[in-house]
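This report refers to the structure that appears directly beneath it.
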Amino acid sequence: RTLKNLLQEADVVPWWRARIPLLYAGERLGAVADLWIDAELQADPDAPSVKIVWENKPRVLACRQSAVGGW
């Protein structure tokens, strides 16, 4: 799936889709803000790592009455 499809499926509002921070590891997209992290780039539970936190994150998701749980 494309990044565009993932953002649409997650109900990220259209006006934020082009503004969401993208983090790259070289040429590879490693994370989309603190919304998604590439599973292959995540550290093992016992390994040293960093946590991605988007401070003062604006409301980027559309509200849905039937939204339950995470992605």
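The values are calculated or read from the model by the stated rules, or taken from the named source; none is laboratory data. Model, not experiment: these values are computed from the prediction. Neighbour counts run over all protein chains shown; Cβ positions are idealised from the backbone, glycine included. Side chains are part of the model used for accessible areas, which takes the heavy atoms of the whole protein and leaves out ligands, DNA and RNA. Shrake-Rupley method; radii C 1.70, N 1.55, O 1.52, S 1.80 Å.
Would you pick out the residues in region 34-54 that are farther than 22 Å from Leu3 by Cα and of a type outside the set (Gly, Ala, Ser)? Across region 34-54, the qualifying residues are Asp44, Pro45, Asp46, Pro48, Val50.
I need the full set of residues from region 35-51 which are surrounded by 15 or more Cβ atoms within 10 Å (Cβ to Cβ) and part of a loop (DSSP other than H, G, I, E, B), in order please.
Hit for region 35-51 is Leu35, nothing else.
Going through (1) exposed (fewer than 14 other Cβ atoms within 10 Å of the Cβ); (2) without any contact (Cβ under 8 Å) to a residue 24 or more places away in the chain one by one, Gly30 falls short only on (1).
If only residues of region 1-27 that are in a strand (DSSP E or B) and free of Cβ contacts under 8 Å to residues at least 40 places away in the same chain are counted, the one that is most open to solvent (accessible area, probe 1.4 Å) is Tyr24.
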